[in-house]
Amino acid sequence: MAAIAHPAENEAGPALSPTPLVDDSLQRAIEQFLFYEARLLDDRRIDEWYELLADDIHYFMPTRYNRLKREADREFSGPHEAALFDEDKRSIAQRIRRLHTGMAWAEDPPSRTRHLITNVMIRPAPNAGEYEVDSYYLVYRSRLEREVEMFVGTRHDLLRQVDTLAKWQIARRTIILDQSTVLARNLSFFF
């Protein structure tokens, strides 16, 4: 089972290959898409970011637990268990609408974020035009005078090639935080 389906099975994803699984031009195109997406989020162009999401997106950040080695298979919450995010396109749209109301106090004044994406590994997915993409992220967030947080981890995405200007859509995103205790006051932004 791929890491995208259930991170508890194997957070690192499939076995690494010393040989690239996709050609250089596809690697660059997908990396540029991820960098573009990060820029949209950092520039607070959230409506444009929303257009990059597939209609059937699953946006998931499981809860992470500290477990002994013998319980490693229970390090992450599974389907139908408590998660930090477990959203579809409709629920993401509701969050964005709320941000636009001026009533989202956790984002007024808004957070300043910087999404750094690295270590992009790409594998063809079973369906034509889809690719499993693993990447590392660091999200720096500051708000007000003293609220500063950093989030580090890995993302497991399913990207779908489409015939639009964006060329790619995010069909699935599983966000794995390296920390098990989130000390931030809220998670009112997107990874």
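Could you pull the Cα extents of the stretch 39-95 along its three principal axes, largest to smallest, in whole Å?
44, 23, 16
Work out from phi, with θ = phi - 60° and the Karplus expression 6.51 cos²θ - 1.76 cosθ + 1.60, the ³J(HN,Hα) of each residue of the stretch 177-191, listed in order in whole Hz, and give x for Gly and Pro.
Karplus values, whole Hz, x for Gly and Pro: 8, 6, 7, 9, 10, 8, 8, 5, 5, 7, 10, 8, 10, 10, 9.
Output the Cα-based Rg and Dmax of the stretch 138-191 in Å, rounding Rg to one decimal and Dmax to a whole number.
For the stretch 138-191, the Cα radius of gyration and maximum Cα-Cα distance read 14.6, 44 Å.
Once you compute Rg and the Kirkwood Rh from C-alpha atoms, what is the Rg to Rh ratio for the stretch 44-191?
Ratio of gyration radius to Kirkwood radius: 0.97.
Run the 1.4 Å probe and let me know the accessible area of VAL182, rounded to the nearest 10 Å².
50 Å²
What list of ³J(HN,Hα) values in whole Hz, one per residue of the stretch 117-129 in order, does the Karplus curve 6.51 cos²θ - 1.76 cosθ + 1.60 (θ = phi - 60°) give from phi, with Gly and Pro shown as x?
Listing the rounded values in order: 10, 8, 6, 7, 10, 10, 9, x, 8, x, 8, 4, x Hz.
Can you run phi through the Karplus equation (6.51, -1.76, 1.60; θ = phi - 60°) for the stretch 132-147 and list ³J(HN,Hα) in whole Hz, with x for Gly and Pro?
8, 10, 9, 8, 9, 9, 9, 10, 9, 9, 10, 7, 6, 8, 10, 8
Treating only the Cβ atoms of Lys and Arg (+1) and Asp and Glu (-1) as charged, compute the dipole magnitude of the chain about its Cα centre; round to the nearest 20 debye.
So the magnitude is around 500 debye.
Treating only the Cβ atoms of Lys and Arg (+1) and Asp and Glu (-1) as charged, compute the dipole magnitude of the stretch 55-161 about its Cα centre; round to the nearest 20 debye.
280 debye
State, to one decimal in nm², a quarter of the convex hull surface area for the C-alpha atoms of the stretch 123-164, i.e. the direction-averaged projected area.
4.5 nm²
Say each of ILE96 and LEU21 gets a label point 7 Å from the Cα, pointing the same way as Cα to Cβ; how far apart are those two points in nm?
Between ILE96 and LEU21, the simple spin-label model gives 2.9 nm.
To one decimal place, what orientation-averaged projected area in nm² is obtained for the convex hull of the Cα set of the stretch 19-130?
Over every viewing direction, the Cα hull of the stretch 19-130 projects on average to 10.2 nm².
Starting from the amide H of GLY153, placed 1.01 Å from N in the peptide plane, find each other amide H under 5 Å away whose residue is 5 or more places distant or on another chain.
TYR137, ASP178
Long-range amide H contacts for ARG172: which residues qualify at under 5 Å (H placed 1.01 Å from N, peptide plane, sequence gap of 5 or more or a different chain)?
Those lying under 5 Å, H to H, from ARG172 are HIS58, LEU158.
Chymotrypsin sites (Phe, Trp or Tyr not before Pro) within the stretch 55-113: which are DSSP loop residues with at most 15 other Cβ atoms inside 10 Å?
Hits after loop and neighbour filter: TYR65.
Give me the 1.4 Å probe accessible area per residue for the chain, excluding ligands and nucleic acids, in Å².
57 Å²
Counting only protein heavy atoms and using a 1.4 Å probe, what share of the accessible area of the chain belongs to carbon plus sulfur, as a whole percent?
Carbon-and-sulfur percentage of accessible area, whole number: 52.
The values are calculated or read from the model by the stated rules, or taken from the named source; none is laboratory data. This one's a predicted model, so the numbers in the text were calculated from it and none came from an experiment. As a convention, Cβ positions derive from the backbone with ideal geometry for all residues, glycine included, and neighbour counts pool all protein chains shown. What goes into the accessible areas is simple: the full protein's heavy atoms, side chains included, and nothing from ligands, DNA or RNA. Shrake-Rupley method; radii C 1.70, N 1.55, O 1.52, S 1.80 Å.
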